[in-house]
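The structure is given below, and queries will be raised subsequently.
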């Protein structure tokens, strides 16, 4: 058996720095972020893993990405009318199905840099939680028996995964060990996963098992947006359209869809975008 545990603090706070979702949506986003890191930890690849949830509930689209070296970002796109009903709901008061909807799908896409290959596994949304959908993905797309526990709050996004190793035999000893691993993760509470010391958590959840704890790996928030990329986007729109927005609104503001960071361009910035030589890389944004 093998397992992975993720506990995000700084990266989780940075990811949410420019977002303002209702608590229930934030909780689901945190679970998805933790899940993307757990998924990346189970693979040997160089590239990006994308977890995507699409449904007909309040959250129409949720995307979490994690690279092989654990740089992550995430976003949630919500349906306005359904979202208003959840504005005052605490994280535990809005069910997974209210957020994700009755119909939808759960997709995992792996884009490997070294070979330029792309793999995608898609399964229907399953059960009453993101954890159950993730377990269904492993059972269907990877044929790996897996149990997952996810949790998040204002300060942490966390999760734990236990899995039977590929190629494990079907002996009675293996089956008993796997049964014990499943019971162990079922004993854990979200609070233990969020706040508990990893050695204490393992000792509590898996007593009597021979455990080996490996070293940890840092996880960082990193979005691909930048002032330079936004400037290139505005140049692509053309001077007339950008200056039209500037005249109408007094400034041009572009918000990153992933991290919601706003990029503001005033009159001086806009003129610098389209001055001679700007496209060649000599642009200075103030």
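The values are calculated or read from the model by the stated rules, or taken from the named source; none is laboratory data. If you're wondering where the values come from, they're calculated on a predicted model, not measured in any experiment. Reconstructed Cβ throughout: ideal geometry from the backbone, glycine too, with neighbour counts over all protein chains shown.
Looking at the stretch 185-200, which of its residues are crowded, with 17+ Cβ neighbours inside 10 Å and at pLDDT below 90?
Residue satisfying the conditions is 196 alone.
Counting just the residues of the stretch 133-153 that are part of a loop (DSSP other than H, G, I, E, B) and touching a residue at least 24 places away in the same chain (Cβ under 8 Å), which one comes out nearest to the chain's Cα centre (by Cα)? So that I can check it myself, show each step before the final result.
Of all residues in the stretch 133-153, those part of a loop (DSSP other than H, G, I, E, B) come to 143-145, 153.
Then drop every residue that is not touching a residue at least 24 places away in the same chain (Cβ under 8 Å), which leaves 145, 153.
On the way: 145: 22, 153: 14 Å.
Ranking the qualifying residues of the stretch 133-153, first place goes to 153.
Something else now. Name the single residue that is farthest from residue 4 (Cα to Cα) among those in the stretch 206-262 being in a strand (DSSP E or B) and more than 23 Å from the chain's Cα centre (by Cα).
Taking the stretch 206-262 as the starting set, the residues that turn out to be in a strand (DSSP E or B) are 220-221, 252-255, 262.
Restricting the remaining residues to those that are more than 23 Å from the chain's Cα centre (by Cα) gives 252-253.
Values: 252: 44, 253: 41 Å.
It comes out as 252.
Here is a check on your reading of the model: is residue 259 outside the structural domain of residue 70 (by TED's automatic domain parsing), touching a helix residue (DSSP H, G or I) at 6+ places or on another chain (Cβ under 9 Å) and on the phi < 0 side of the Ramachandran plot? Walk me through it before giving the result.
Details: outside the structural domain of residue 70 (by TED's automatic domain parsing): yes; touching a helix residue (DSSP H, G or I) at 6+ places or on another chain (Cβ under 9 Å): yes; on the phi < 0 side of the Ramachandran plot: yes.
Yes; evaluated as a whole, the condition is true for this residue.
If you don't mind, another one. Search the stretch 168-184 for residues being more than 14 Å from residue 147 (Cα to Cα) and either part of a helix (DSSP H, G or I) or in contact with a helix residue (DSSP H, G or I) (Cβ under 8 Å, 6 or more places away or on another chain) (or both), and hand back the single one that is modelled with the lowest pLDDT.
Here is the first cut: in the stretch 168-184, the ones more than 14 Å from residue 147 (Cα to Cα) are 168-176.
If we keep only those that are either part of a helix (DSSP H, G or I) or in contact with a helix residue (DSSP H, G or I) (Cβ under 8 Å, 6 or more places away or on another chain) (or both) as well, we get 168, 172-176.
Numbers: 168: 76, 172: 87, 173: 86, 174: 86, 175: 88, 176: 88.
Ranking the candidates gives 168 first.
Turning to a different aspect of this structure: Being over 24 Å from residue 202 (Cα atoms), assigned to a strand (DSSP E or B) and touching a helix residue (DSSP H, G or I) at 6+ places or on another chain (Cβ under 6 Å) narrows it down to one of 159, 121, so name that one.
Working: 159 fails: over 24 Å from residue 202 (Cα atoms).
The conditions single out 121.
Residue 98 passes all but one of (1) crowded, with 16+ Cβ neighbours inside 10 Å; (2) under 16 Å from residue 35 (Cα atoms); which number fails?
Failing condition for residue 98: (2).
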